[in-house]
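Notes to accompany the following structure.
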Amino acid sequence: MVQITNTILMIRPVSFRMNEQTAVNNFFQEDIEIENSRINSRAQGEFDAFVKILRNNGVDVIVVDDARETDTPDSIFPNNWISFHANGTVGLYPMFAENRRNERRMDILEILEERGFVIENIMDYTSAETEGFYLEGTGSILMDRVNQKAYCARSERADEELFIEFCEDFDCMPVLFTANQAVDGKRLPIYHTNVMMCLGETLCVICLDAIDDVKERKNVVSHLKKSGKEILPISEVQMHHFAGNMLQLLGKDDKRLMVMSTAAFESLTKDQIKVIERRSEIVHSSLETIETCGGGSARCMMAEVFLPRS
């Protein structure tokens, strides 16, 4: 079992904008006063530049264009509706926002099979939507594949019972906690685990300050240390610059890469950069429009592909 991959799926947007349906509990989103067509054009430019940087570093990026007719403003974040596993299983996930459910496309599975990937089984959790329960893929779930653990911050988009069911299906130990952020003087749940936590092979970048419950914080730290992870804490301010939204990938000649946005990189201290660079080369790209309007960053844009090849 491996923790990181060389292959990712990315969806190029055609109708990107601030999604009013996700803004109700994604407090990272902000409205900007320009027309949607210009927002989408900017997002496409950032997307294309990001893909080019990744490919230049040896990452195998499978790009699929979003479907124009579905009106899916958040399609640029595919990791929330699908996951790909080394045993040939594909996970399909229930989405909080109704307009995000249209992002699920079975033709993407066909595209992967045409490229030689083997799909043996589909674990479909999407029926939970009808009962008002959600679990948004690797946005909600951070998998430690080597140590068979899964970390999840409870939120409206991460139902506890559904997460436990996922862990039973994928044979991994659940590590549950609540992660909060300051919003207008209140502590409210962070919408996705992967904006406050990044899990690499031997390093975990995490905003421990977001875990208000001391017992839960200690439990998360204990699990990480027992699994041999060095913990790199980031502040809530850095988290809001998407410093928790990183992803470790394999590049050329199995070089380890830590991929993040330029905003995330610029929020890090010199000492934090040194800790990351002991294990990985840092790769970053400007995603300002995507981060501002979408409330997600580099990691959200990449769905890792661990499927076996035929």
**region 142-161, subset among the aliphatic types (A, V, I, L, M) and either surrounded by 19 or more Cβ atoms within 10 Å (Cβ to Cβ) or closer than 20 Å to Lys215 by Cα (or both), residue nearest to the chain's Cα centre (by Cα)** = Leu142
**Request:** Kindly indicate whether Glu113 is surrounded by fewer than 18 Cβ atoms within 10 Å (Cβ to Cβ) and at pLDDT 95 or above.
**Result:** yes
**Fill in**
Note on region 126-141: residues surrounded by fewer than 20 Cβ atoms within 10 Å (Cβ to Cβ) and closer than 25 Å to Leu112 by Cα are Thr126, Ser127
**Asked** Of all helices (runs of 4 or more DSSP H) completely enclosed by region 102-186, which ones contain at least 3 residues that are charged (D, E, K, R)?
**Response** 107-114, 160-169
**Item:** Members of region 275-310 that are assigned to a strand (DSSP E or B) and under 21 Å from Asn56 (Cα atoms)
**Value:** Glu281, Ile282, Val283, His284, Ser285, Ala303, Glu304
**Prompt:** Restricting attention to region 171-182, does a residue exist that is buried (at least 24 other Cβ atoms within 10 Å of the Cβ) and modelled with pLDDT of 95 or more?
**Reply:** yes
**Request:** For Gln272, state whether it is in contact (Cβ under 8 Å) with a residue 12 or more places away in the chain, of a type outside the set (Ser, Thr, Tyr) and part of a helix (DSSP H, G or I).
**Result:** yes
**Message:** Against the condition more than 17 Å from Gly296 (Cβ to Cβ) and crowded, with 17+ Cβ neighbours inside 10 Å, how does Leu224 come out, does it pass?
**Reply:** yes
**Request:** Give Cys207, Cys293 a once-over and let me know the one that is under 19 Å from the mean Cα position of the chain (by Cα) and more than 21 Å from Ile76 (Cβ to Cβ).
**Result:** Cys207
**Fill in**
Here the qualifying pairs (Cβ atoms under 7 Å; residues six or more apart or on different chains; first in region 128-149 and farther than 19 Å from Ile4 by Cβ and in contact (Cβ under 8 Å) with a residue 24 or more places away in the chain; second surrounded by 22 or more Cβ atoms within 10 Å (Cβ to Cβ) and acidic (Asp, Glu)) come out as Phe133/Asp159; Tyr134/Asp159; Leu135/Asp159
**Message:** Looking only at region 172-202, count every residue that is over 25 Å from Gly132 (Cα atoms) and either hydrophobic (A, V, I, L, M, F, W, C) or without any contact (Cβ under 8 Å) to a residue 60 or more places away in the chain (or both) and tell me the total.
**Reply:** 6
**Request:** Could you look through region 244-273, keep only residues that are crowded, with 20+ Cβ neighbours inside 10 Å and of a type in the set (S, T, N, Q), and pick out the one that is farthest from Glu288 (Cα to Cα)?
**Result:** Gln248
**Fill in**
Phe242 passes all but one of the listed conditions (1) on the phi < 0 side of the Ramachandran plot; (2) at pLDDT 95 or above; (3) hydrophobic (A, V, I, L, M, F, W, C); the exception is number (1)
**Message:** Among the residues that make up region 217-239, is at least one of them within 14 Å of the chain's Cα centre (by Cα) and without any contact (Cβ under 8 Å) to a residue 60 or more places away in the chain?
**Reply:** yes
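The values are calculated or read from the model by the stated rules, or taken from the named source; none is laboratory data. Given the structure is predicted, the values throughout are model-derived calculations rather than measurements. No Cβ is skipped: glycine too gets one built from the backbone with ideal geometry, and neighbour counts run over all protein chains shown.
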